[in-house]
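The values are calculated or read from the model by the stated rules, or taken from the named source; none is laboratory data. Worth saying up front: this structure is predicted, and the values here are computed from it rather than measured. Here Cβ is always computed from backbone atoms with ideal geometry, including for glycine, and neighbour counts include all displayed protein chains.
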Amino acid sequence: MPIDLTDRVLQFRQAAHQLGAAPSPEDVATLFRAVVMYPLPADAAEVPGTTEGEVLDRYRVYPESPRISALVSTDIPATGTWDHPVTHLDASAVDLRLISFFDWETADLRYFQYLRVRIVHANDPTLVGRDALLEAADCRVEYVD
C-alpha cells in the first residue's frame, strides 16, 4: 500500500530552507530522515538534497493537475541542459520516479523548489529515460513498498 509523503515533503522543504545558506549534505540528509522517512521501512533509500542521485524506484511522483509544466533534459543521461522542446507533461501519459530535490541556488538559501524525476514510461517514447524538473508544489509524492 502506498504511503503518501506529500505533506512531509512540503515540511522538509520548509525546514531545509530554515537551515540557512548552503546547508551541508549531512544536515539535509538528517533532516530528510527525521521529517520524511519516519513512516517508511528501515531499508527505504534516502532522497538526496542535491542534483545528484540515482532513480529511486519506490518514490513515485504524480502531477497534481492533468498537465504540468516541466523542464526536460536535452540529453540522456542528463547533463544539466534543460531545454528539450517538450515543456509540459500529461499526467496520464507518464510514469515518474524521484531522483532528488533540486534548486538552482547552491550557495545561498535553498528552497528545493523542484523535484528531479526520471521519466520511466511515457506515451511519447522519446521522453523515456530523460530527467525532468517539476515544481515540487505541483506534485504528489508516494512511497510504494
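Number of residues in segment 91-141 that are over 11 Å from the mean Cα position of the chain (by Cα) and within 22 Å of Y38 (Cα to Cα): the value is 1. Within segment 119-145, the set of residues being under 17 Å from E64 (Cα atoms) and in contact (Cβ under 8 Å) with a residue 60 or more places away in the chain comprises A132, L133, L134, E135, A136, A137, D138, C139, R140, V141, E142, Y143. Where the second residue is aliphatic (A, V, I, L, M) and the first is free of Cβ contacts under 8 Å to residues at least 60 places away in the same chain and lies in segment 59-72, which pairs have Cβ atoms under 8 Å and are six or more apart or on separate chains? Listed by first residue and then by second, the contacts come to P66/A91; R67/L89; R67/A91. V86 passes all but one of (1) part of a loop (DSSP other than H, G, I, E, B); (2) at pLDDT below 95; which number fails? Looking at each condition in turn, V86 falls short on (2).
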